[in-house]
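Student: Once you've had a glance at the structure underneath, I'll fire off some questions.
The values are calculated or read from the model by the stated rules, or taken from the named source; none is laboratory data. Predicted model, so just to flag it, every value in this text is computed and none were measured. Because the Cβ atoms are built from the backbone with ideal geometry, glycine has one as well, and the counts that use them run over all protein chains shown.
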Amino acid sequence: MSLLEVQELRTGYGALPVLQGISFSVEEGETCVIFGLNGAGKTTTVNCLAGVLPTWGGEVRFDGKKVSGKDAPGIVKAGIALSPEGRRVWAGLTVLKNLELGAWVRKDAKGIQASIEQVFSYFPRLEERKDQLAGTLSGGEQQMLAIGRAIMCKPRLLMIDEASLGLSPKLAQTVFQVVSQINDDGTTVIIVEQNVGVLPYADQALIMEKGTLTFDGRGAELEASGELRKTYLGESEQPA
Ligand SMILES: Nc1ncnc2c1ncn2[C@@H]1O[C@H](COP(=O)(O)OP(=O)(O)OP(=O)(O)O)[C@@H](O)[C@H]1O
Ligand SMILES: [Mg+2]
């Protein structure tokens with residue numbers, strides 16, 4: 001049994017359908033990357049999985065239990081956390097307060113403190129800035145905080161929407177390395193990315209186009225297949 005099983009998932013906005021019935025699974029302990037052009041439906045997918053958007057049809061099972069239909073707090077309690085697109089941190093609160101509030105589902109004060117220490121070990125920059133207002137952090141630091149805040153719910157599945165957007169190539173690599181460490185420490189990860197530099201960290205890769213999945217395979221397979229070039233550069237397959 002896979003940790004996450006998505007079957008024929010459909011959703012959209014108002015009368016506009018976006019996800020056309022997508023199906024995929026993610027194995028416990030793996031990192032799954034979702035690639036796709038702007039408007040493909042990546043954010044719609046993770047927002048729907050996070051309970052931020054309603055499910056129109058299909059089913060999502062997490063650890064064997066149905067979670068589709070739960071609201072966002074219910075999904076967090078089930079063990080799925082989202083670091084949303086646009087790193088929406090609480091600008092008027094300190095770094096530390098952002099992290100503490102991220103743990104709202106938990107009551108174990110000691111465990112929460114341990115998680116804060118863990119976030120600081122992943123992102124030492126955040127510890128240096130723990131009393132600074134989140135709104136005054138750099139873009140990269142806000143990205144770290146958004147990921148750190150999601151970890152504070154102690155999720156079994158961490159979803160990150162656009163981890164590297166707007167970051168320098170070097171900082172993007174740093175963020176990917178930390179995400180890989182979080183994964184090694186036992187958290188299953190779904191990461192939405194347009195930066196193909198994430199590929200070495202991907203056990204599984206999906207490509208999304210117009211609300212459907214056009215590729216679902218191993219990260220290494222994708223690298224060899226040329227599908228990414230086709231998607232992002234519009235190259236047609238070359239005859240051998
Ligand atoms: N709140 C909304 N209301 C109406 N349509 C929306 C809304 N949010 C997204 N859409 C539409 O849904 C489609 C998928 O958008 P989505 O944000 O999921 O794409 P994406 O793959 O995350 O793109 P990007 O890489 O630009 O973040 C797009 O056609 C978009 O215009
Ligand atoms: Mg998006």
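Student: Restricting to the stretch 1-24, count the residues that are outside any strand (DSSP E or B) and either within 16 Å of ligand 2 (Cβ to nearest atom) or modelled with pLDDT under 95 (or both).
Tutor: Count: 3.
Student: Please specify each residue of the stretch 50-78 satisfying the condition of being of a type in the set (A, V, I, L, M, F, W, C) and either assigned to a loop (DSSP other than H, G, I, E, B) or over 14 Å from residue 25 (Cα atoms) (or both).
Tutor: Across the stretch 50-78, the qualifying residues are 50, 52, 53, 56, 67, 72, 75, 76, 78.
Student: If residue 71 passes every condition in (1) on the phi > 0 side of the Ramachandran plot; (2) more than 14 Å from the chain's Cα centre (by Cα); (3) more than 13 Å from ligand 1 (Cβ to nearest atom) but one, which one does it miss?
Tutor: (1)
Student: Do the conditions hold for residue 55, that is, is it within 16 Å of ligand 2 (Cβ to nearest atom) and either under 30 Å from residue 139 (Cα atoms) or not acidic (Asp, Glu) (or both)?
Tutor: No; evaluated as a whole, the condition is false for this residue.
Student: I need the full set of residues from the stretch 9-57 which are more than 10 Å from ligand 1 (Cβ to nearest atom) and within 15 Å of residue 72 (Cα to Cα), in order please.
Tutor: Residues satisfying the conditions are 49, 50, 51, 52, 54, 55.
Student: Quick one: in the stretch 79-91, which of the residues that are within 16 Å of ligand 2 (Cβ to nearest atom) and assigned to a loop (DSSP other than H, G, I, E, B) is modelled with the lowest pLDDT?
Tutor: So the residue we want is 87.
Student: Against the definition (in contact (Cβ under 8 Å) with a residue 24 or more places away in the chain, over 29 Å from residue 2 (Cα atoms) and surrounded by fewer than 17 Cβ atoms within 10 Å (Cβ to Cβ)), how does residue 92 come out, yes or no?
Tutor: Spelling it out, residue 92 is indeed in contact (Cβ under 8 Å) with a residue 24 or more places away in the chain, over 29 Å from residue 2 (Cα atoms) and surrounded by fewer than 17 Cβ atoms within 10 Å (Cβ to Cβ).
Student: Could you check, for the stretch 25-47, whether at least one of its residues is assigned to a strand (DSSP E or B) and surrounded by fewer than 18 Cβ atoms within 10 Å (Cβ to Cβ)?
Tutor: So far as the stretch 25-47 goes, yes, one or more of its residues are assigned to a strand (DSSP E or B) and surrounded by fewer than 18 Cβ atoms within 10 Å (Cβ to Cβ).
Student: Can you find a residue that is in contact (Cβ under 8 Å) with a residue 12 or more places away in the chain and closer than 15 Å to residue 159 by Cα anywhere in the stretch 6-18?
Tutor: Scanning the stretch 6-18 turns up at least one residue that is in contact (Cβ under 8 Å) with a residue 12 or more places away in the chain and closer than 15 Å to residue 159 by Cα.
Student: Out of 97, 42, which single residue is basic (Lys, Arg) and more than 22 Å from residue 179 (Cβ to Cβ)?
Tutor: Every option except 97 fails the conditions.
Student: Looking only at the stretch 95-132, filter to residues that are acidic (Asp, Glu) and more than 21 Å from the chain's Cα centre (by Cα); which one of those is surrounded by the most Cβ atoms within 10 Å (Cβ to Cβ)?
Tutor: Only one residue fits best here, namely 127.
Student: Of the conditions (1) surrounded by 17 or more Cβ atoms within 10 Å (Cβ to Cβ); (2) aliphatic (A, V, I, L, M); (3) within 15 Å of the chain's Cα centre (by Cα), residue 165 fails just one. Which one is it?
Tutor: It fails just one condition, (1).
Student: Follow-up. Among the residues of the stretch 177-187, is there at least one that is within 16 Å of ligand 1 (Cβ to nearest atom) and in contact with a Gly (Cβ under 8 Å, 6 or more places away or on another chain)?
Tutor: no
Student: For the stretch 92-208, please list each of the helices (runs of 4 or more DSSP H) lying entirely inside it that holds at least 3 residues being of a type in the set (D, E, K, R).
Tutor: 124-128
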